[in-house]
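See structure below.
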Amino acid sequence: MKVPRFELERWQSIWENRVELNISESGVLPLSPGELLETEAERAALLESRLGYPQTNGSEELRGRIAALYPGAAAGNVLATCGTAEANFLVTWALVEPGDEVIFMQPNYMQVGLLAEGMGAGVKPLWLREELNWAPDLEELKRMVTPRTRLIAVCNPNNPTGAVLSEAAMAGIVEVAAKAGAWLLADEVYRGAEHAGGLTPTFWGRYERVLCTAGLSKAYGLPGLRMGWVVGEAATIERLWCYHDYTAISVAALSDRLAAAALEPARREKILARTRRLVREHYPIVGEWLSRHAGRLTHVPPRAGAIAWVGLPGVNTAEFCEELRERKGVLLVPGEQFALPGYVRVGYGYERDKLRAALERVDALLSQTVEPR
């Protein structure tokens, strides 16, 4: 198995701590342990924790609290993983064989598609359409399915567009998967970071071959815990646990404990309320910036997440982002890293002052690069 370099992860890993202004992140300003554990008793108990091996599939308390997020699920339906990335890796590794076909929603975080290619599968992109407000064309999806279709992979809410699938679209995707007997992998790591309305519906429970992945990195502001999970039918979770034994073995003991604390119902609601407040307060800064470039840029407002997907017509966005980093000290993510050139992803979940300063520097370069339409 050979996989290509993961350009998005390498780009951010190299530069995010070297640039002056980083607006490439897709989450919100991370919480500190002191903010998460609010009482001295909780903090003292954490410091007294023995750093032994935890239960390798996740503690009973943690898996029970994750299961509570999915109607009808129990602890046996949950496998705790080292971030959503490991969850997605385990699903792809366990299900995809050489010669299979994988239908992969795009634009998207490229992990599953690149892994499937490395595993010898044929990957077909299911493109979200800007003219449909970054929704898929379900008729196109139906035409893509063949007897070799093994897996359909979606991301909802979507990274990088911030779009959320309609109920009709979700039902249509499930119908296509069920008719083909294909597995459906739903990466739902941005659930909980909605700009308006309630929690984005989950794919869980709509079909016996649905596997939902998520974690605490994006909507919860806890990426440093490296805590993720897979939710599925108990027999499938047992199978994935076997694969997990060959990767990380278990999540870190302190991550298990802190994740269980974060998912205590009252604390969870408080954390998600903070996230929603941040995205609602910060997005208008991006909206105001976009209004200054009406006629130059394209954009569909996101419905979830701290990410704005902005079109720069006629621009080589890889070169633009490289020049922005070198000359202006600002880090953006170019669309090339999502297999869709001509766009950039702007992260706005961190400090407002730095966001404003970064966008002013983007302005300076845009004025030299992008002509009014």
request  = Within the stretch 343-367, track down each residue that is among the aliphatic types (A, V, I, L, M) and modelled with pLDDT of 95 or more.
outcome  = Val344, Val346, Leu355, Ala357, Ala358, Leu359, Val362
task = Only helices (runs of 4 or more DSSP H) wholly contained in the stretch 183-296 count here; list those with 1 or more residues that are surrounded by fewer than 18 Cβ atoms within 10 Å (Cβ to Cβ) and among the basic types (Lys, Arg).
result = 234-244, 265-291
query = Quick check, is Trp241 assigned by TED's automatic domain parsing to the domain that holds Thr200, more than 21 Å from the chain's Cα centre (by Cα) and either farther than 14 Å from Leu79 by Cα or not β-branched (Val, Ile, Thr) (or both)?
reply = yes
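If you check Leu272 against the conditions, is it outside the structural domain of Gly181 (by TED's automatic domain parsing), at pLDDT 95 or above and farther than 27 Å from Ala94 by Cα?
Considered against the rule, which asks whether it is outside the structural domain of Gly181 (by TED's automatic domain parsing), at pLDDT 95 or above and farther than 27 Å from Ala94 by Cα, Leu272 comes out as yes.
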note = When restricted to Arg296, Arg361, Arg352, the only residue assigned by TED's automatic domain parsing to the domain that holds Glu25 and over 27 Å from Leu29 (Cα atoms) is Arg296
key: Near pairs, Cβ below 7 angstrom, 6+ apart or cross-chain, from the stretch 181-202 (touching a residue at least 24 places away in the same chain (Cβ under 8 Å) and not assigned by TED's automatic domain parsing to the domain that holds Val279) to any residue that is of a type in the set (A, V, I, L, M, F, W, C) and surrounded by fewer than 17 Cβ atoms within 10 Å (Cβ to Cβ)   = Arg191/Leu199; Gly192/Leu199
task = Take the stretch 323-348 and flag every residue that is touching a Pro at 6+ places or on another chain (Cβ under 7 Å), closer than 20 Å to Gln111 by Cβ and of a type in the set (Gly, Ala, Ser).
result = Gly335, Ala339
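The values are calculated or read from the model by the stated rules, or taken from the named source; none is laboratory data. Computed from a predicted structure; not experimentally measured. When we count neighbours, we look across all protein chains shown, and the Cβ atoms used for this are built from the backbone with ideal geometry, even at glycine.
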